[in-house]
Amino acid sequence: MTPEEFRAQFPALRTSIWLDTPGAPPGASRVIDSLRRALDDWASGTFEWTEWDSAADHARADFARYTGIPATHIASQGSLAEAATTAVRCAPPGKTVVVSADEFRSVLFPALAHRSSTGAAVHAVTRRPGRSRTADLLAAIDDTTGLVLVSEVLTNDGELVDLQAICDLAHHHGALVFANLTQTLGVLVSDLSDHPADLIAAHGYKWMLCPRGATWLIADPDLKLLRPHAPSWKTAAEPQQYFGGSYTESETLTRCNASPAWLSWIGARTALNLLNRLDGDDCRQHVLNLAAAYTEQMASNGFRILNVGRRSHVVVASPPPRYRLDANALRSNGIRATITESGALRVGFHYFNSSADADAAAVAACAGLVPQS
(Lines give C-alpha, C1' and ligand atoms only; values in the text may rest on other atoms or scores of the structure.)
Protein backbone atom coordinates (compact mmCIF):
# COMPACT_ATOMS: atom_id res chain seq x y z
CA MET A 1 0.00 0.00 0.00
CA THR A 2 1.40 3.40 -1.00
CA PRO A 3 1.31 6.45 1.27
CA GLU A 4 -1.45 7.88 -0.94
CA GLU A 5 -3.53 4.70 -0.68
CA PHE A 6 -2.98 4.64 3.07
CA ARG A 7 -3.94 8.31 3.36
CA ALA A 8 -7.27 7.58 1.64
CA GLN A 9 -8.22 5.39 4.62
CA PHE A 10 -8.58 8.46 6.89
CA PRO A 11 -11.55 10.79 6.29
CA ALA A 12 -10.13 13.46 8.62
CA LEU A 13 -7.20 14.00 6.26
CA ARG A 14 -9.51 15.53 3.65
CA THR A 15 -9.70 18.65 5.80
CA SER A 16 -6.76 18.42 8.22
CA ILE A 17 -2.99 18.11 8.06
CA TRP A 18 -2.56 15.59 10.85
CA LEU A 19 0.78 15.75 12.62
CA ASP A 20 -0.50 14.92 16.09
CA THR A 21 -0.24 11.12 15.96
CA PRO A 22 2.21 11.25 18.93
CA GLY A 23 -0.95 12.09 20.88
CA ALA A 24 -3.51 10.14 18.83
CA PRO A 25 -4.19 9.59 15.12
CA PRO A 26 -7.46 10.15 13.28
CA GLY A 27 -9.67 7.12 12.90
CA ALA A 28 -9.22 4.85 9.90
CA SER A 29 -12.48 4.17 8.04
CA ARG A 30 -12.12 0.40 8.35
CA VAL A 31 -11.61 0.58 12.10
CA ILE A 32 -14.51 3.00 12.57
CA ASP A 33 -16.77 0.77 10.45
CA SER A 34 -15.92 -2.30 12.53
CA LEU A 35 -16.84 -0.41 15.69
CA ARG A 36 -20.07 0.87 14.16
CA ARG A 37 -21.09 -2.66 13.22
CA ALA A 38 -20.43 -3.79 16.77
CA LEU A 39 -22.45 -0.89 18.18
CA ASP A 40 -25.33 -1.65 15.80
CA ASP A 41 -25.26 -5.29 16.90
CA TRP A 42 -25.24 -4.16 20.51
CA ALA A 43 -28.19 -1.83 19.94
CA SER A 44 -30.20 -4.52 18.16
CA GLY A 45 -29.27 -7.25 20.61
CA THR A 46 -27.95 -9.46 17.82
CA PHE A 47 -24.38 -9.64 19.16
CA GLU A 48 -22.86 -12.69 20.81
CA TRP A 49 -20.88 -11.66 23.86
CA THR A 50 -18.72 -14.78 23.66
CA GLU A 51 -17.59 -13.73 20.18
CA TRP A 52 -16.78 -10.26 21.45
CA ASP A 53 -14.91 -11.78 24.38
CA SER A 54 -12.70 -13.79 22.03
CA ALA A 55 -11.62 -10.66 20.10
CA ALA A 56 -8.57 -10.11 22.34
CA ASP A 57 -7.41 -13.70 21.73
CA HIS A 58 -7.85 -13.32 17.98
CA ALA A 59 -6.08 -9.93 18.06
CA ARG A 60 -3.19 -11.51 19.96
CA ALA A 61 -2.83 -14.03 17.11
CA ASP A 62 -3.01 -11.17 14.59
CA PHE A 63 -0.38 -9.25 16.55
CA ALA A 64 1.84 -12.35 16.62
CA ARG A 65 1.72 -12.55 12.82
CA TYR A 66 2.41 -8.82 12.48
CA THR A 67 5.44 -8.82 14.79
CA GLY A 68 6.85 -12.30 14.19
CA ILE A 69 6.49 -13.17 17.89
CA PRO A 70 4.97 -16.49 19.07
CA ALA A 71 1.48 -15.97 20.47
CA THR A 72 2.57 -17.86 23.59
CA HIS A 73 4.92 -14.94 24.35
CA ILE A 74 2.19 -12.27 24.21
CA ALA A 75 -0.27 -11.01 26.82
CA SER A 76 -3.26 -8.78 26.11
CA GLN A 77 -3.52 -5.87 28.53
CA GLY A 78 -5.35 -2.57 28.76
CA SER A 79 -2.66 0.08 29.19
CA LEU A 80 1.05 0.76 29.10
CA ALA A 81 1.04 1.43 32.84
CA GLU A 82 -0.35 -2.04 33.45
CA ALA A 83 2.39 -3.57 31.30
CA ALA A 84 5.12 -1.57 33.05
CA THR A 85 3.71 -2.45 36.47
CA THR A 86 3.76 -6.13 35.50
CA ALA A 87 7.31 -5.80 34.20
CA VAL A 88 8.80 -3.92 37.14
CA ARG A 89 8.06 -6.88 39.38
CA CYS A 90 10.66 -8.80 37.38
CA ALA A 91 13.46 -6.74 38.92
CA PRO A 92 15.64 -9.24 40.80
CA PRO A 93 15.59 -8.67 44.59
CA GLY A 94 18.48 -6.52 45.79
CA LYS A 95 19.08 -5.01 42.36
CA THR A 96 18.43 -1.46 41.12
CA VAL A 97 15.77 -0.40 38.63
CA VAL A 98 17.15 2.20 36.18
CA VAL A 99 14.78 4.63 34.45
CA SER A 100 15.07 8.16 33.06
CA ALA A 101 13.80 10.85 35.40
CA ASP A 102 11.92 12.43 32.47
CA GLU A 103 10.37 9.14 31.31
CA PHE A 104 6.69 8.98 30.38
CA ARG A 105 4.83 8.65 33.66
CA SER A 106 3.17 5.37 32.70
CA VAL A 107 6.68 3.87 32.71
CA LEU A 108 8.26 6.01 35.45
CA PHE A 109 5.48 5.85 38.03
CA PRO A 110 5.28 2.02 38.17
CA ALA A 111 9.00 2.07 39.09
CA LEU A 112 8.54 4.75 41.73
CA ALA A 113 5.48 3.00 43.15
CA HIS A 114 7.45 -0.25 43.30
CA ARG A 115 10.10 1.56 45.33
CA SER A 116 7.46 3.04 47.64
CA SER A 117 5.76 -0.30 48.30
CA THR A 118 8.79 -2.62 48.46
CA GLY A 119 11.76 -0.41 49.29
CA ALA A 120 13.48 -1.52 46.07
CA ALA A 121 16.27 0.70 44.79
CA VAL A 122 15.31 2.90 41.83
CA HIS A 123 17.83 5.11 40.02
CA ALA A 124 15.91 7.89 38.22
CA VAL A 125 18.55 9.16 35.81
CA THR A 126 18.59 12.94 35.35
CA ARG A 127 19.43 14.16 31.87
CA ARG A 128 22.51 16.33 31.66
CA PRO A 129 22.48 19.36 29.33
CA GLY A 130 23.63 18.47 25.84
CA ARG A 131 23.58 14.72 26.54
CA SER A 132 21.25 12.23 24.90
CA ARG A 133 18.95 9.97 26.88
CA THR A 134 20.87 7.01 25.47
CA ALA A 135 24.21 8.28 26.79
CA ASP A 136 22.90 9.00 30.28
CA LEU A 137 21.14 5.64 30.58
CA LEU A 138 24.27 3.80 29.45
CA ALA A 139 26.30 5.66 32.07
CA ALA A 140 23.86 4.54 34.78
CA ILE A 141 23.93 0.79 34.03
CA ASP A 142 26.38 -1.27 36.08
CA ASP A 143 26.66 -4.49 38.10
CA THR A 144 24.02 -3.26 40.57
CA THR A 145 21.38 -2.92 37.84
CA GLY A 146 18.59 -5.50 37.68
CA LEU A 147 16.10 -3.90 35.31
CA VAL A 148 16.14 -0.99 32.86
CA LEU A 149 12.86 0.66 31.87
CA VAL A 150 13.05 2.72 28.68
CA SER A 151 10.83 4.14 25.93
CA GLU A 152 12.29 3.87 22.45
CA VAL A 153 10.94 7.34 21.63
CA LEU A 154 9.63 9.97 24.03
CA THR A 155 7.63 12.84 22.61
CA ASN A 156 9.23 15.46 24.87
CA ASP A 157 12.15 15.59 22.41
CA GLY A 158 11.79 12.79 19.81
CA GLU A 159 15.09 11.00 20.48
CA LEU A 160 15.27 7.49 19.04
CA VAL A 161 17.00 5.68 21.88
CA ASP A 162 19.66 3.12 20.95
CA LEU A 163 17.93 0.08 22.42
CA GLN A 164 20.53 -2.30 21.04
CA ALA A 165 23.32 -0.55 22.96
CA ILE A 166 21.24 -0.37 26.14
CA CYS A 167 20.28 -4.05 25.93
CA ASP A 168 23.85 -5.13 25.17
CA LEU A 169 25.20 -3.33 28.23
CA ALA A 170 22.34 -4.38 30.50
CA HIS A 171 22.71 -8.01 29.50
CA HIS A 172 26.47 -7.79 30.05
CA HIS A 173 25.67 -6.92 33.66
CA GLY A 174 22.96 -9.58 33.96
CA ALA A 175 20.08 -7.07 33.90
CA LEU A 176 16.74 -7.20 32.08
CA VAL A 177 15.35 -4.49 29.80
CA PHE A 178 11.73 -3.39 29.45
CA ALA A 179 11.18 -1.44 26.21
CA ASN A 180 8.13 0.71 25.59
CA LEU A 181 7.47 0.79 21.84
CA THR A 182 4.20 2.74 21.98
CA GLN A 183 5.68 5.59 19.92
CA THR A 184 7.45 3.38 17.36
CA LEU A 185 5.55 0.14 16.73
CA GLY A 186 3.47 0.49 13.59
CA VAL A 187 5.64 3.15 11.97
CA LEU A 188 9.37 2.67 12.69
CA VAL A 189 9.15 -0.95 13.83
CA SER A 190 7.05 -3.97 12.91
CA ASP A 191 9.14 -7.17 13.00
CA LEU A 192 10.12 -7.87 16.61
CA SER A 193 11.42 -11.39 16.12
CA ASP A 194 15.04 -10.34 16.77
CA HIS A 195 14.34 -7.50 19.20
CA PRO A 196 16.97 -7.34 21.96
CA ALA A 197 14.70 -6.33 24.88
CA ASP A 198 13.53 -8.93 27.39
CA LEU A 199 10.10 -7.36 27.89
CA ILE A 200 8.33 -5.24 25.29
CA ALA A 201 5.07 -3.33 25.51
CA ALA A 202 3.07 -1.16 23.15
CA HIS A 203 -0.27 0.53 23.54
CA GLY A 204 -1.91 0.36 20.12
CA TYR A 205 -3.92 3.58 20.15
CA LYS A 206 -1.21 5.75 18.60
CA TRP A 207 0.77 4.61 15.55
CA MET A 208 -1.02 1.25 15.40
CA LEU A 209 -4.40 2.95 14.83
CA CYS A 210 -6.31 0.93 17.44
CA PRO A 211 -8.98 2.18 19.81
CA ARG A 212 -7.54 3.06 23.20
CA GLY A 213 -7.45 0.08 25.54
CA ALA A 214 -5.53 -2.47 23.43
CA THR A 215 -2.01 -3.07 24.75
CA TRP A 216 0.38 -5.96 24.22
CA LEU A 217 3.10 -7.20 26.57
CA ILE A 218 5.77 -9.48 25.09
CA ALA A 219 8.16 -11.69 27.05
CA ASP A 220 9.40 -15.25 27.26
CA PRO A 221 6.88 -17.12 29.45
CA ASP A 222 9.82 -18.94 31.05
CA LEU A 223 10.63 -15.68 32.85
CA LYS A 224 9.31 -16.97 36.17
CA LEU A 225 9.34 -13.59 37.92
CA LEU A 226 6.66 -12.46 35.46
CA ARG A 227 3.42 -12.81 37.39
CA PRO A 228 -0.10 -11.49 36.73
CA HIS A 229 -0.74 -7.98 38.02
CA ALA A 230 -4.48 -8.72 38.43
CA PRO A 231 -5.16 -12.49 38.51
CA SER A 232 -8.52 -13.50 37.08
CA TRP A 233 -10.23 -16.18 35.04
CA LYS A 234 -8.38 -14.70 32.04
CA THR A 235 -4.96 -15.48 33.55
CA ALA A 236 -5.75 -19.06 34.58
CA ALA A 237 -4.53 -22.27 33.00
CA GLU A 238 -6.80 -24.04 30.52
CA PRO A 239 -9.60 -24.81 30.65
CA GLN A 240 -10.69 -21.33 31.71
CA GLN A 241 -13.71 -21.46 33.99
CA TYR A 242 -15.83 -18.88 35.76
CA PHE A 243 -16.36 -20.15 39.31
CA GLY A 244 -14.50 -21.84 42.11
CA GLY A 245 -11.50 -24.14 41.95
CA SER A 246 -7.89 -23.91 43.05
CA TYR A 247 -5.55 -21.15 41.86
CA THR A 248 -3.81 -21.75 38.54
CA GLU A 249 -1.78 -19.68 36.08
CA SER A 250 -1.30 -20.23 32.37
CA GLU A 251 2.11 -21.52 31.36
CA THR A 252 2.09 -19.07 28.43
CA LEU A 253 2.27 -15.30 28.83
CA THR A 254 -1.54 -15.22 28.83
CA ARG A 255 -1.07 -15.57 32.59
CA CYS A 256 -0.56 -11.78 32.43
CA ASN A 257 -3.74 -11.12 30.44
CA ALA A 258 -6.22 -8.47 31.50
CA SER A 259 -9.96 -8.91 31.17
CA PRO A 260 -10.58 -7.30 27.77
CA ALA A 261 -12.56 -4.17 26.92
CA TRP A 262 -14.41 -5.79 24.02
CA LEU A 263 -14.78 -2.88 21.60
CA SER A 264 -11.09 -1.97 21.88
CA TRP A 265 -10.08 -5.42 20.70
CA ILE A 266 -12.68 -5.57 17.93
CA GLY A 267 -11.16 -2.38 16.53
CA ALA A 268 -7.62 -3.62 17.11
CA ARG A 269 -8.18 -6.61 14.84
CA THR A 270 -9.20 -4.34 11.97
CA ALA A 271 -6.30 -1.96 12.62
CA LEU A 272 -3.79 -4.82 12.52
CA ASN A 273 -5.27 -6.01 9.24
CA LEU A 274 -4.68 -2.53 7.81
CA LEU A 275 -1.11 -2.30 9.15
CA ASN A 276 -0.30 -5.68 7.63
CA ARG A 277 -0.85 -4.09 4.21
CA LEU A 278 2.09 -1.73 4.73
CA ASP A 279 5.71 -2.48 3.91
CA GLY A 280 7.57 -1.87 7.17
CA ASP A 281 10.81 -0.70 5.54
CA ASP A 282 8.99 1.68 3.19
CA CYS A 283 7.01 3.11 6.09
CA ARG A 284 10.08 3.69 8.23
CA GLN A 285 12.05 5.37 5.45
CA HIS A 286 9.10 7.51 4.40
CA VAL A 287 8.52 9.01 7.84
CA LEU A 288 12.21 9.49 8.61
CA ASN A 289 12.68 11.33 5.30
CA LEU A 290 9.74 13.62 6.08
CA ALA A 291 11.05 14.32 9.57
CA ALA A 292 14.55 15.08 8.26
CA ALA A 293 13.26 17.53 5.64
CA TYR A 294 10.99 19.24 8.18
CA THR A 295 13.82 19.44 10.73
CA GLU A 296 16.07 21.13 8.19
CA GLN A 297 13.40 23.71 7.37
CA MET A 298 12.70 24.50 11.00
CA ALA A 299 16.38 24.79 11.94
CA SER A 300 17.07 27.08 8.98
CA ASN A 301 14.34 29.39 10.28
CA GLY A 302 15.85 29.71 13.74
CA PHE A 303 13.94 26.99 15.60
CA ARG A 304 15.94 24.92 18.08
CA ILE A 305 15.52 21.15 17.69
CA LEU A 306 15.33 19.66 21.18
CA ASN A 307 16.58 16.19 20.25
CA VAL A 308 20.32 15.82 20.83
CA GLY A 309 20.37 12.08 20.10
CA ARG A 310 19.34 9.97 17.13
CA ARG A 311 16.53 11.44 15.05
CA SER A 312 13.10 9.81 14.78
CA HIS A 313 9.75 10.53 13.12
CA VAL A 314 8.83 12.86 16.00
CA VAL A 315 10.29 16.38 15.94
CA VAL A 316 10.05 18.89 18.79
CA ALA A 317 11.24 22.43 18.04
CA SER A 318 11.38 25.53 20.23
CA PRO A 319 10.80 28.98 18.68
CA PRO A 320 13.75 31.34 18.19
CA PRO A 321 14.78 33.39 21.23
CA ARG A 322 12.30 36.09 22.26
CA TYR A 323 9.51 34.58 20.14
CA ARG A 324 6.54 32.37 20.87
CA LEU A 325 4.15 30.40 18.68
CA ASP A 326 0.57 31.53 18.07
CA ALA A 327 -1.56 28.37 17.99
CA ASN A 328 -4.11 30.14 15.78
CA ALA A 329 -1.60 30.13 12.92
CA LEU A 330 -1.62 26.32 13.00
CA ARG A 331 -5.38 25.94 13.40
CA SER A 332 -6.22 28.43 10.65
CA ASN A 333 -4.11 26.36 8.24
CA GLY A 334 -5.78 23.10 9.22
CA ILE A 335 -2.70 21.77 10.98
CA ARG A 336 -3.17 19.40 13.90
CA ALA A 337 -0.06 19.44 16.10
CA THR A 338 0.80 20.08 19.74
CA ILE A 339 2.35 23.10 21.36
CA THR A 340 3.93 21.77 24.54
CA GLU A 341 3.79 23.35 27.97
CA SER A 342 7.22 24.86 27.32
CA GLY A 343 6.00 26.43 24.07
CA ALA A 344 7.74 24.02 21.68
CA LEU A 345 6.00 22.65 18.59
CA ARG A 346 5.70 18.85 18.45
CA VAL A 347 4.88 17.03 15.23
CA GLY A 348 5.00 13.38 14.23
CA PHE A 349 4.94 11.85 10.76
CA HIS A 350 2.96 8.73 9.89
CA TYR A 351 2.90 6.90 6.58
CA PHE A 352 -0.18 8.90 5.54
CA ASN A 353 1.73 12.20 5.75
CA SER A 354 3.32 13.84 2.73
CA SER A 355 6.07 16.32 1.95
CA ALA A 356 3.31 18.90 1.42
CA ASP A 357 2.23 18.33 5.04
CA ALA A 358 5.78 18.92 6.27
CA ASP A 359 6.14 22.07 4.18
CA ALA A 360 2.78 23.45 5.31
CA ALA A 361 3.63 22.88 8.96
CA ALA A 362 6.97 24.64 8.66
CA VAL A 363 5.44 27.61 6.82
CA ALA A 364 2.62 27.93 9.34
CA ALA A 365 5.04 27.72 12.27
CA CYS A 366 7.17 30.52 10.84
CA ALA A 367 4.08 32.62 10.13
CA GLY A 368 2.89 32.02 13.69
CA LEU A 369 5.99 33.47 15.37
CA VAL A 370 5.12 36.49 17.49
CA PRO A 371 7.48 38.54 19.70
CA GLN A 372 7.22 37.78 23.41
CA SER A 373 5.91 40.72 25.36
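The values are calculated or read from the model by the stated rules, or taken from the named source; none is laboratory data. This is a predicted model, so every value here is computed, not measured. Cβ: placed from backbone, ideal geometry, glycine included. Neighbour counts: every protein chain shown.
Assorted remarks:
- Put simply, of LEU138, LEU149, LEU80 the only residue that is within 21 Å of GLY174 (Cβ to Cβ) and either among the aromatic types (Phe, Trp, Tyr) or within 16 Å of the chain's Cα centre (by Cα) (or both) is LEU149.
- Just one of the listed residues (ALA299, ALA329, ALA317, ALA291) is assigned to a helix (DSSP H, G or I), over 30 Å from GLY78 (Cβ atoms), modelled with pLDDT of 95 or more and more than 20 Å from the chain's Cα centre (by Cα), namely ALA299.
- Any chance THR126 is polar (S, T, N, Q), in contact (Cβ under 8 Å) with a residue 40 or more places away in the chain and assigned by TED's automatic domain parsing to the domain that holds ALA219: no
- Residues that are within 18 Å of the chain's Cα centre (by Cα), part of a helix (DSSP H, G or I) and not aromatic (Phe, Trp, Tyr) were ranked within segment 57-77; the one that is surrounded by the fewest Cβ atoms within 10 Å (Cβ to Cβ) is ALA64.
- Qualifying residue in segment 40-49 (condition: at pLDDT 95 or above and under 29 Å from LEU154 (Cβ atoms)): no
- Residues of segment 117-157 that turn out to be touching a Gly at 6+ places or on another chain (Cβ under 6 Å) and part of a loop (DSSP other than H, G, I, E, B), as a count: 1
- Residues in segment 158-211 that are assigned to a loop (DSSP other than H, G, I, E, B), among the β-branched types (Val, Ile, Thr) and either surrounded by fewer than 22 Cβ atoms within 10 Å (Cβ to Cβ) or touching a Gly at 6+ places or on another chain (Cβ under 9 Å) (or both): VAL161, THR182, VAL187.
- Residues in segment 1-31 that are touching a residue at least 40 places away in the same chain (Cβ under 8 Å) and over 22 Å from ILE335 (Cβ atoms): MET1, ARG30, VAL31.
- Close contacts from segment 258-269, counting a first residue that is at negative phi and assigned to a helix (DSSP H, G or I) and a second that is among the acidic types (Asp, Glu) and at pLDDT 95 or above, with Cβ to Cβ under 7 Å and a gap of 6+ residues or different chains, come to TRP262/ASP53; ARG269/ASP62.
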